[in-house]
Each structure stands twice: as C-alpha cells, then as structure tokens.
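Rule-based calculations on the coordinates, nothing more; no lab input. Being a predicted model, the structure only gives us computed values, none of them experimental. Don't worry about glycine lacking a Cβ; one is built from the backbone with ideal geometry, like all the others, and counts go over all protein chains shown.
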C-alpha cells in the first residue's frame, strides 16, 4: 500500500505598496522611534527555499549495469539481515525497456517503472510462483517488494575503470530504508550485441580435458544444446561436447545435472576454438541429482 504524505502548500502573498504623493510639508516628517519596525529577528543568511537538485543520472548508467546489493540499512542505520542472507548470491537489479527486474530472490520479480529526476516510481512487481524450500529465500520476494514498489529516491555514481571503484547506486525506499548496490556492466554492454538465446544441458560431472591454449590438463564441463517447441516441449538434443570455458552466473555442483537458458555472445579477437563465444546464464530450467557415470544419450 502506498503511503500518502500530506502536501503543504506555502502561499506567499506579496505586499502591495501603494505609492502616495505626500504634501511637501509631510515629506520630512520623522517616524517616532517606537513606531519603527523591529528587524532584529531577521537573519542575514536566509536558507534556500529548496535544496540543490540531485546530480542528473543518465538512463544508460542504469541500463548498462547489473546492480548487486552490498548493503541494506533501515532508517536508524541498523543492518537489514533479511536482505543480505546470501552474500555469495546477492539480490540484483536490472533496468530493461522501462522495466525493473529483481534477480536472486525466490522468484524473479519485474515491474514497470518511471523516472522523475531522482525519484523512481515502480508499479506492483509480478513474478513466478515457484516454491522455495528455505524460508529465508522465500521471504526475499516480500522483503524486496516492500522496498522497491512505490515511490523511492535514488542517486547513482558512474565510478571509474579501476576495479575497486565500480558504479554505485543508492536506493532510498518509502519507509526510509537505504539499499546500496554496486554495478557490473551487462553482457549486452560488454559484448556490444543483444546476444542469442539458447538452452544447454550441463552434465552432472566434469571430465578431464586439454583446452587448445592450455599448458596442462584440467577438467571441463560437458554440455549439449537442447531445443524446445512453441509449447515448451523438448524436441531434440545435440551431441555431448567438452566445454573449455565457463558459463557466467552458473556454479557447477558435482552430481547435479542442469538445463539452463543462456545468452550467447560473440567475443571479437578470439580464435574460433569455442572460447570465442561467451555464455551467460539467464535461468535454470531443470535440475536433477544423478549417479556418477556417463551422461544420458
């Protein structure tokens, strides 16, 4: 529920000074001392009626970065632990095509937003209805919705190219809570394209491999491409192959088979050995615990 604050209008009524002609005899008449106005209470330094405007934030600063939550405090400066319970997988925000998206909660959340200077107004967030086993993770949907929906204030700083000075976003919710995020460039901004959506199945166990540019043997993921029809039914799968790179945003757990929706981006200036395509995880479609052995055909 939006909290409405009363609007107080300050009406300034100008003094209408009527210039009247005085007879010459009255022009030099002195005003008695006790009738003179008392100006002793008027300060020489009257404060400005309005605070200085917040620095302008270009929309591209918001849209070109994925914002990870690093700090959350309430109006009294106390840490909001419920929002920071997964430091290895922090809550994230992205701004795409007039929508704000909340990631790494129980369900992905999304809603339309509008900017008015340093004010941002977010409509009701909607998301999937997946059930999360851990109560703390399940609660993240409500905790973030309470602080993102409605009318909030924000400031953002672009940062520099130095790794220890990333872009920063400070979000001031309606209830006074303050959320502080750091930005990481989105894949679209990093690779200069919208990318290609694909579905890949990642085998439960890695395999020994010798990447073309590696100087020593190592282990690699094994994956294959999966295709679905318009109704979401799996139609076919390609052959298994060793994957010499990593999938950004995905952490492999031995014994867990996964089907992922990914975005693929071409990396310029790399040899055509498989590492010239960058993979970025968007969503986990399936997860299954399997016994060690060769992957399913």
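Observations on the model:
- Sorted largest first, the principal axis extents computed over the alpha-carbon atoms of region 59-185 equal 40, 29, 29 Å.
- Cα-based shape type of region 191-289, given that a ≥ b ≥ c are square roots of the gyration tensor eigenvalues and the cut on a/c is 1.5: oblate
- Region 155-194-region 112-129 distance, computed between alpha-carbon centres (Å): 17
- Burial ordering of 281, 130, fewest other beta-carbon atoms within 10 Å first: 130, 281
- As a proxy for reagent exposure, 137, 262, 226 were ordered by neighbouring Cβ count within 10 angstrom, fewest first; the result is 137, 226, 262.
- Stretching the chain fully between residue 116 and residue 138 yields a gain of 4.7 nm (0.36 nm per residue, less the alpha carbon separation).
- Taking the fewest neighbouring Cβ atoms within 10 Å as the starting point, the ordered list for 71, 222 is 71, 222.
- Measuring spread by the Cα atoms of region 170-236 yields a radius of gyration and Dmax of 20.3, 56 Å.
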